[in-house]
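Since the structure comes first, as structure tokens, the remarks are kept for the end.
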Amino acid sequence: MKLLLIFCLLIYGLAMLFILLYSMAQAHLLYRFRLFRKQGRRQAPPNPEVWPAVTVQLPVYNEKYVVERLIDAVAALDYPAERLEIQLLDDSDDETTKIIQEKTKQYPHLHLRHLRRPDRSGFKAGALKYGLELAQGELIAIFDADFTPQPDFLQKTVPYFANPHLGMVQTRWTHLNKDFSVLTRLQALALDAHFFVEQVGRNSQGAFMNFNGTGGLWRKATILDAGNWQADTLTEDLDLSYRAQLKNWQFLYLSEVESPAELPPVMSALKSQQFRWTKGGAESAVKHLGAVLRSEKPLRTKYHALAHLLNSAVFVALLLASVASIPLLWAKVHNLLPSGAYEAAAVMLVGFVVISLLYFQANFLGKSTGLNRVLGFVLYYPLFLSVSMGMALHNAVAVWEGWTGRKSPFIRTPKFNLEARQHRWQENFYRSLKIPYTTYLEGLLGLLFLAVATWSVVQGEYVMLVFHCMLALGYLLVFYHSVLSYRRS
């Protein structure tokens with residue numbers, strides 16, 4: 001029994017230590033972000049005398065709800081028509097193809113190419129690579145189907161490529177349906193922390209940053225020099241980003257340029273997106289950590305790269321720490337732990353406080369008033385943290401598959417276009433209806449932590465009560481909304 005308790009204490013300590021070290025990297029990103037903000041607004045470069053040729057790539061697979069909106073938005077781009085090529089990279093096997101064919105007839109003046117591949121090999125990476133071989137532009141803009149780029153997107157981004165060493169420009173995602181539900185508000189909170197603070201913090205110090213898969217602009221030569229798009233990970237964007245930066249191409253993040261997009265409005269869609277991002281991040285870590293550590297990059301840059309590539313491991317650490325905390329609580333009640341060991345274990349939760357500061361800062365960069373920002377953060381952040389904990393099992397499975405090399409297909413995130421008010425989310429044809437086994441485990445974990453929290457109150461042990469209550473709430477909410485979203489209407 002004693003050895004088992006020591007093992008649980010060791011697992012808990014190592015897991016929370018990892019979270020603490022990760023939070024220190026986040027704290028430094030917050031510091032670099034605030035330093036960058038003090039320097040004032042970035043001076044935009046002058047417009048080029050001759051605008052370079054640009055190819056806009058639109059990878060599409062079964063997007064009948066949003067593809068017309070996407071085409072309309074791209075058709076409205078303010079750029080010299082003779083210098084603009086639009087590629088609709090259509091891998092669809094449903095009515096989306098016919099919708100595209102009809103829609104493109106409305107824009108005969110555009111150089112718009114509807115490209116179909118013989119098969120869907122390589123998924124999105126394969127489609128982008130296929131289009132790149134035919135692309136006439138020296139710059140490549142990429143938008144996923146749920147994005148609606150602003151008309152001045154190219155005018156605001158292309159001039160920066162006067163710098164011959166610049167390989168990629170990423171812009172900030174904004175949210176078309178942020179106010180649709182509590183779930184979309186929580187996602188917006190998470191993404192805003194990444195796009196307001198993390199990307200600025202990394203880019204401002206020359207650390208590795210990533211192209212986010214859409215809402216960005218590449219130099220074609222950079223993609224080719226870095227080895228082109230590759231489909232051996234589920235995050236082809238992160239993979240190419242590291243290969244390009246290891247080749248010493250410069251990246252630029254423009255937080256002032258917005259790229260509106262749709263947030264997954266239901267838990268099943270969010271889970272499919274999170275699984276792909278999380279597993280792909282783990283696959284990219286396996287692929288690139290060695291090269292990063294062997295590179296001649298500064299130690300600080302390597303530390304941030306480690307935190308960046310291993311950020312998905314936070315879910316593994318959280319799952320391990322939460323499960324290990326249960327026997328530790330039992331041992332504390334029965335006086336089987338050394339004096340102060342349990343309290344020391346609880347102190348390790350300080351990492352969550354540090355991470356919270358980053359989200360607090362991002363929350364104050366939105367468009368609402370000061371009072372609404374404070375109230376919104378107080379209301380939504382504890383819920384966001386709970387739901388993030390409740391996603392730990394689902395995402396930890398994805399990380400484990402990524403680390404162990406288990407391959408899985410590229411599962412697209414279904415798009416809904418609910419702001420158009422043409423249909424309900426329950427009517428979405430692409431919505432998955434098969435409940436994965438992890439959903440039932442999430443329900444069981446929710447009940448387990450609820451029982452642990454109740455028992456700790458009965459025993460008068462309150463040190464980890466908030467932690468266990470948040471775990472119970474998070475798992476039960478994720479379970480409930482998962483079952484609701486997978487269920488037929």
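Read-outs throughout are calculated quantities, based only on the coordinates presented, and are distinct from any laboratory measurement. Note that the structure is a prediction, hence the values are computed from the model and not measured. Neighbour counts run over all protein chains shown; Cβ positions are idealised from the backbone, glycine included.
Starting from the Kirkwood Rh over alpha-carbon pairs, what translational D in µm² s⁻¹ does the chain have by Stokes-Einstein at 20 °C and 1.002 mPa s? Mind dumping the intermediate values first?
Values: Rh = 23.8 Å.
Rounded to a whole number, D works out at 90 µm²/s.
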In nanometres, what is the gap between the two model label sites at Leu115 and Val353, each 7 Å from Cα along Cα-to-Cβ? 5.3 nm
May I ask for the distance between the Cα centers of the stretch 248-309 and the stretch 1-73, given as a whole number of Å? 6 Å
Cβ under 14 Å from Gly390's Cβ, Gly390 left aside: what net charge do those residues give with Lys, Arg +1 and Asp, Glu -1? 0
Ranked on Cβ counts within 10 Å of their own Cβ, fewest leading, Leu35, Leu365 go Leu35, Leu365
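Just to verify a number: FRET efficiency for Tyr440 and Arg294, C-beta to C-beta distance, R0 = 35 Å, to 0.05?
Numbers: r = 43 Å, r/R0 = 1.23.
Result of the calculation: an efficiency of 0.20.
Filter Lys271/Lys302; Lys64/Lys105; Lys64/Lys407 down to the pairs with a C-alpha to C-alpha distance above 21 Å, please.
Details: Lys271/Lys302 30 Å; Lys64/Lys105 17 Å; Lys64/Lys407 28 Å.
From the list (Lys271/Lys302; Lys64/Lys105; Lys64/Lys407), the Cα-Cα distance tops 21 Å for Lys271/Lys302; Lys64/Lys407.
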Spelling it out for Ser259: with amide H atoms placed in the peptide plane at 1.01 Å from N, the residues 5 or more places away or on another chain with amide H under 5 Å from its amide H are Arg172, Trp173, Thr174
Please figure out what share of the DSSP beta bridges in the chain is antiparallel and state it in percent, rounded to the nearest 5. 25 percent
Trypsin sites (Lys or Arg not before Pro) restricted to the stretch 26-83 and DSSP loop, no more than 16 other C-beta within 10 Å: Arg41, Arg42
Could you give the distance between the Cα centres of the stretch 139-210 and the stretch 90-136, to the whole Å? 23 Å
Over the Cα atoms of the stretch 51-265 the radius of gyration and the largest Cα-Cα distance (Dmax), both in Å, equal 16.5, 47
